[in-house]
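Trainee: Just passing along the structure, written as structure tokens.
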Amino acid sequence: MKTLLLEGEVFSGKGEGTEFIKLPWVRKQIKEKLGFTPYLGTLNIRLTERSVILKNLLKNAQGIEITPAEGFHRGVCFKAYLMGLECAVVIPEVQDYPENTLEVVAPTKLREHLKLKDGSIIEIKVLLKK
């Protein structure tokens, strides 16, 4: 597998990721397609300018689709590792979604497990299929 290394800083979101992860059909698909039951929330990362450019490569990469229920938007996930922990990045296909934002889901609350806070600088390794 190829990897893509993205960098950025942790920031607090509006709670929209939490609401999305709470949906039963989302939780079920993450469990089935990514192999873990997600913690009820996402870790928000504000990407560096260089990482925003790299993130755009994901648009043409083969991801893991989260098929939406009626009235919801599609999302694509990529398996990833954050500080050695298995997780996934979620790319929501929502109009006007900020290009410099990355949402991360994991089986644990990443902020607590990795002792992260707003402003923490992180690197996340995204796995790409060849």
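Nothing in this text is a laboratory measurement; each read-out follows from the coordinates by a stated rule. Computed from a predicted model, the values in this text were never measured in an experiment. Glycine also receives a Cβ, built like all others from the backbone with ideal geometry; neighbour counts cover every protein chain displayed.
Trainee: Which value, in debye to the nearest 20, gives the size of the charge dipole of the chain about its Cα centre, when Lys and Arg are +1 and Asp and Glu are -1 at the Cβ?
Mentor: Here the size comes out at about 460 debye.
Trainee: Consider the candidate values [x] 16; [y] 48; [z] 29; state which one is percent of Cα pairs over 25 Å apart computed from the structure displayed.
Mentor: Computing percent of Cα pairs over 25 Å apart and matching it to [x] 16; [y] 48; [z] 29 gives [x].
Trainee: Could I ask something else about it? Counting only helical runs of four or more DSSP H residues, what would the 222 nm mean residue ellipticity of the chain come to if each run contributes -39,500 (n - 2.57) and the total is spread over all its residues?
Mentor: -5500 deg cm²/dmol
Trainee: So, counting K/R as plus one and D/E as minus one, what does the shell of residues with Cβ under 11 Å around GLY13 add up to?
Mentor: Result for the local shell: -2.
Trainee: At 7 Å along Cα-to-Cβ for each site, give me the label-to-label distance between LYS109 and ARG27 in nm.
Mentor: 1.6
Trainee: Mean-square fluctuation check for the chain, GNM, Cα pairs under 10 Å: which of GLU86, GLU16, GLU99 is largest?
Mentor: Ranking GLU86, GLU16, GLU99 by mean-square fluctuation puts GLU16 first.
Trainee: Among the lysines, which fall within straight-line cross-link reach of LYS14, defined as a Cα-Cα distance under 17 Å, with same-chain neighbours fewer than 8 residues apart omitted?
Mentor: Filter leaves LYS22, LYS109, LYS117.
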